[in-house]
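What follows is a set of notes on a single structure, which appears directly below.
The values are calculated or read from the model by the stated rules, or taken from the named source; none is laboratory data. As the structure is a prediction and not an experimental result, all values here were calculated from the model. Note: ideal-geometry Cβ built from the backbone for every residue, glycine included; neighbour counts use all protein chains shown.
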Amino acid sequence: MSRLLFLVAVVGLVYWLLKRFRNSATPVDKPVASEDMVSCAQCGVHQPKSESVSAAGKFFCCDEHRRQYESK
Ligand SMILES: [Zn+2]
């Protein structure tokens, strides 16, 4: 009977360790990969598409760089 209790204790411990390991292995904050990243045609800086300025199929980090690019 004591053997069975020992076995249950070992299985329980292994299960607990596996659960603990799995929790620690899972990153809490996943990188946001849903948003498209674009690079500025003027300076090449990368940023989310929604935060960039687009003109003539090109993306820019700011309106200033859009004007600089178009005045070239
Ligand atoms: Zn730029």
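Before moving on, here are some points about what is shown:
- Of all residues making up the range 51-72, the number that are more than 10 Å from the ligand (Cβ to nearest atom) and assigned to a strand (DSSP E or B): 3
- For the range 18-42, the tally of residues that are modelled with pLDDT under 75 and farther than 30 Å from residue 57 by Cβ stands at 6.
- The range 36-50: number of residues that are outside any strand (DSSP E or B) and free of Cβ contacts under 8 Å to residues at least 24 places away in the same chain: 6
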